[in-house]
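Computed from the coordinates by the stated procedures, all read-outs in this text should not be read as laboratory data. Model, not experiment: these values are computed from the prediction. Quick reminder, even Gly has a Cβ in these numbers, built from the backbone with ideal geometry, and neighbours come from all protein chains shown.
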Amino acid sequence: MSNTMVQSDLAWTAFRYISNEMPADEAAAFELRLAADQESREEVARAVELTQTMARIPQSVPQPATVRPWRQRLSWMTAGAAVCLAVMLCGEFVRSAMVGRSASSVDGSRIAGMTFDTDMEVTDTDANDADLNASGVMNNEVSVPSWLLAAVTGKPATHPDDNPDDDVLDN
Amino acid sequence: MSPAEKPNAEELRVDSARVAALYIEHADDLRRLLNGILRNSELAAEALQAAFVKAVEVGHTAKQETLKAWLFRVAVNEALVIKRRQKVDGEAIRRVAWSQSKNDSLPDDRLVRWETVEAVRLAMEGLPPEQRQVVRMRVYENKTFAVIANELGTPLSTVLSRMQLALRKLRGKLDK
């Protein structure tokens, strides 16, 4: 065993002795050793010096708190609550979006119905289609029915006064 | 040696200058040693005084090169005598030894150098959290290792090992 190891063991023994963390028989044996061994005496003095030095260190030194498990638990609970809230909000958002989409599809079918009802007036909007074709922007969308364009642009495909379902659309 | 030549007790006394030098050189370590044994600053002061009285009276019997060891041995013997006499309860003296009250600081507590405190503080900050926690609970909260092990839900051997490793690192700062 090296001298360092022996010294370390002695330092630990001295610390346990001054800390009253030693069984009575071992403490008595160590006191006999103190009466005979100068190294042990100096190690006791050193152990006291170290503990007194540590005791003088301000408590502001960052130390892991004993209540850490509680704090951790609390932070996990907070995080869990936040996640639950976020999931609920997302679910609510998705649900409202889906409701809106179904409402839009209803409107679309109504618009389609209107188109069939106003079949004769579709030709009036062909000019719009022609304009779009002329600009070349919608060349690939010539098959898009005019009622859909009307729905997208928000312009009625027919004169409102002539539309029998105008009241329904206003709703 | 004839009776006439035999020096009297007064002549055998160690001179006051030498005792003063011994005190200056070793009183701090002796006080710490005595505090470690007695865990009571007043009793430690009493033992220290008794040791130096003996040094004055019979210090001449010690060889010069072993005077320090002799003084320490005398101090330990004085402390053990006082300890037996007082039958000092372990719990009571431990409370005094670990006292952190600034109003009740141990006499040699004032002798701890600021540089040493700072060095040990930095060393404590550098300890692994689990070692630092054991040191804090033992030194600042004055909990026994058994209580610490129980509170942390850690085997006692692990707690002792952590403290031992921490002390090894911190103790090195006293040597510098």
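Descriptive notes on the structure:
- Distance between the 7 Å Cα→Cβ label points at A:E92 and B:T154: 4.5 nm.
- Pair B:S161, A:V83: separation of 7 Å Cα→Cβ label points (nm): 3.3
- Measuring nothing but alpha carbons in the stretch B:107-174 and taking Rh as the Kirkwood radius, the Rg to Rh ratio lands at 1.02.
- The stretch B:107-174, relative contact order in percent, only Cα pairs under 8 angstrom and at least six apart counted: 40
- In order through the stretch A:35-41: 3J(HN,Hα) via Karplus (6.51 cos²θ - 1.76 cosθ + 1.60), integer Hz, x for Gly, Pro: 5, 10, 10, 5, 4, 5, 4
- Which of B:R84, B:R121 has the fewest Cβ neighbours within 10 Å, and the rest in rising order: B:R84, B:R121
- Exceeding the 30 Å Cα-Cα cut-off - candidates B:K143/B:K169; B:K68/B:K173; B:K54/B:K169; B:K54/B:K173; B:K68/B:K143: B:K54/B:K169; B:K54/B:K173; B:K68/B:K143
- With θ taken as phi - 60° and the Karplus curve 6.51 cos²θ - 1.76 cosθ + 1.60 applied, the whole-hertz 3J(HN,Hα) list for the stretch B:43-49 is 5, 5, 5, 5, 5, 5, 5 Hz, x standing for glycine and proline.
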